[in-house]
Amino acid sequence: MVTGASGGVKPGSVLELERRLYRQLIVGKQKASRVQDELDQDLESVAFKLDIERAAVFERIEKQQKARDVYLAVSAQLTSTIVAEIQQTLADFDRLVQRSSLTATQLALFEQLCRESPDMARLRLLMTGVGWLSRDLTNVVNSTAFRQRHPQRADVQVTDIKLVLNFIGVENLRQLIPYYSMRNWLPSGHSCLLWINRKLWQYALTCATAAKALAKLHGRNETLAFICALLQQFGVTMVLGTAAAAYEKNWGNWLREASASRDKELYDAVMATEFPAEKVLDEVVRHGGHLAWEIPARLDFENHDMVTVIKTLEQSLTVADLPLDVQIQAKASGFATAMTLDESKLLEPQEARLLFRYYGLNEQEMLRLKAQNYRKIDLF
């Protein structure tokens with residue numbers, strides 16, 4: 001069944017809604033609700049204490065004109081230094097490829113999973129090259145939840161990757177491997193990204209779940225749709241990781257220098273300088289889309305369907321004449337955008353209708369999408 005997206009050149013109102021989405025994910029102060037697979041739990045107390053301390057310092061600054069003037073000058077200079085480093089790093093594509101958490105091995109795993117009958121021997125061989133993924137899948141098999149579903153082997157600890165893959169099964173691997181890959185792409189260990197990561201994680205899973213549902217409805221490759229939806233956000237994770245590293249390095253250096261100078265006003269000004277989320281949003285909009293396919297292309301996967309789909313979607317401002325697999329991604333992202341903004345009370349009913357009309361979502365597709373569970377992946 002082929003859909004007919006209404007399409008046309010993407011209007012400014014749709015572009016504004018898409019920017020509003022990433023503003024909510026990156027700049028918005030609203031914290032993400034609890035997700036099934038919690039990320040960076042150990043950072044919560046650190047982030048909370050830092051927020052409290054920064055708020056107290058900022059309140060103190062606001063009460064003193066001189067301190068406020070120092071804060072404005074120092075914060076502007078520090079932010080300018082941070083943004084310049086972010087932009088310089090993002091302009092060095094070779095450097096980005098080197099520090100990328102996406103590898104050719106992961107892409108080769110995705111390639112196998114997209115096949116109708118994956119080569120299990122090849123999968124096992126590739127898995128040995130991705131230590132964190134082997135560990136995550138082994139933990140799944142040895143988890144309490146998995147054991148409860150398989151009481152006959154409740155007392156057996158599995159360590160051999162061949163047994164792990166056999167226990168999980170191909171159909172579950174088609175979701176688990178890209179699922180854990182996306183989680184690994186999210187830049188970890190940065191308190192400034194704690195809530196941003198969680199919101200982006202939820203949005204990515206919503207897109208992936210929606211894309212898979214639409215692919216099933218239209219008889220297309222569900223695994224390809226699921227992987228493409230997650231891979232679409234890879235470029236965003238690269239920008240966020242680059243920004244967090246630049247912020248924490250420079251902020252930490254300036255804070256230590258201010259402490260050594262024993263200048264209380266200078267120290268408070270640096271302490272109160274937050275992660276430049278607004279500036280980072282601009283870099284996400286500028287670079288997130290093309291990095292999602294340019295890095296896989298550099299890793300020699302330029303001609304694979306998953307890269308072609310993402311590249312076509314990123315470079316097109318219309319949906320009417322897109323191939324069906326690309327339309328599915330566009331429709332899924334449009335639905336996920338509306339859902340995410342609506343949950344944050346940032347979307348008017350007429351704006352939702354505008355998105356659905358632009359992406360050509362018909363009644364049957366909407367019914368299928370509304371029936372999905374976007375909070376967890378159904379496995380086993």
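The values are calculated or read from the model by the stated rules, or taken from the named source; none is laboratory data. All values derive from a computational prediction rather than experimental measurement. Don't worry about glycine lacking a Cβ; one is built from the backbone with ideal geometry, like all the others, and counts go over all protein chains shown. Each accessible area value is taken on the protein alone, full model and side chains, heavy atoms only, with ligands, DNA and RNA left out. Shrake-Rupley method; radii C 1.70, N 1.55, O 1.52, S 1.80 Å.
Brief remarks on what is shown
- Top-ranked residue of segment 315-334 - restricted to ones that are part of a helix (DSSP H, G or I), touching a Lys or Arg at 6+ places or on another chain (Cβ under 9 Å) and not acidic (Asp, Glu), ranked as farthest from Arg286 (Cα to Cα): Leu324
- If the condition is being surrounded by fewer than 17 Cβ atoms within 10 Å (Cβ to Cβ) and in contact (Cβ under 8 Å) with a residue 24 or more places away in the chain, then segment 89-98 contributes Phe93, Val97.
- The conditions of being open to solvent by less than 50 Å² (accessible area, probe 1.4 Å), at pLDDT 95 or above and among the β-branched types (Val, Ile, Thr) are met by Val74.
- Any hit, segment 326-336, residues being modelled with pLDDT of 95 or more and open to solvent by 30 Å² or more (accessible area, probe 1.4 Å): no
- Any chance Asp282 is open to solvent by 30 Å² or more (accessible area, probe 1.4 Å), acidic (Asp, Glu) and not in a helix (DSSP H, G or I): no
- Test: residue in segment 251-269 that is hydroxyl-bearing (Ser, Thr, Tyr), surrounded by fewer than 20 Cβ atoms within 10 Å (Cβ to Cβ) and not in a helix (DSSP H, G or I): no
- Scope segment 99-113; condition part of a helix (DSSP H, G or I) and open to solvent by 20 Å² or more (accessible area, probe 1.4 Å); matching residues: Ala104, Thr105, Glu111
Quick grid of which residues meet (1) part of a helix (DSSP H, G or I); (2) surrounded by 20 or more Cβ atoms within 10 Å (Cβ to Cβ):
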| residue | (1), (2) |
| --- | --- |
| Pro118 | no, no |
| Arg124 | yes, no |
| Ser134 | yes, no |
| Asn139 | yes, no |
| Gln157 | no, no |
| Ser181 | yes, yes |
| Leu194 | yes, yes |
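- Condition met for Lys66 (of a type in the set (Lys, Arg) and either over 30 Å from Lys29 (Cα atoms) or touching a residue at least 24 places away in the same chain (Cβ under 8 Å) (or both)): yes
- Residue check, Ala292 open to solvent by 50 Å² or more (accessible area, probe 1.4 Å) and aliphatic (A, V, I, L, M): no
- Hey, Asn373 under 30 Å from Gly169 (Cα atoms), part of a loop (DSSP other than H, G, I, E, B) and either at pLDDT 95 or above or in contact with a Ser or Thr (Cβ under 7 Å, 6 or more places away or on another chain) (or both) or not: no
Conditions (1) among the aromatic types (Phe, Trp, Tyr); (2) within 27 Å of Glu265 (Cα to Cα); (3) at pLDDT 95 or above, marked per residue:
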residue	(1), (2), (3)
Pro11	no, no, no
Leu25	no, no, yes
Arg60	no, yes, no
Thr89	no, no, yes
Asp94	no, no, yes
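- Ile86, sole failed condition from (1) farther than 19 Å from Gly235 by Cβ; (2) surrounded by 20 or more Cβ atoms within 10 Å (Cβ to Cβ): (1)
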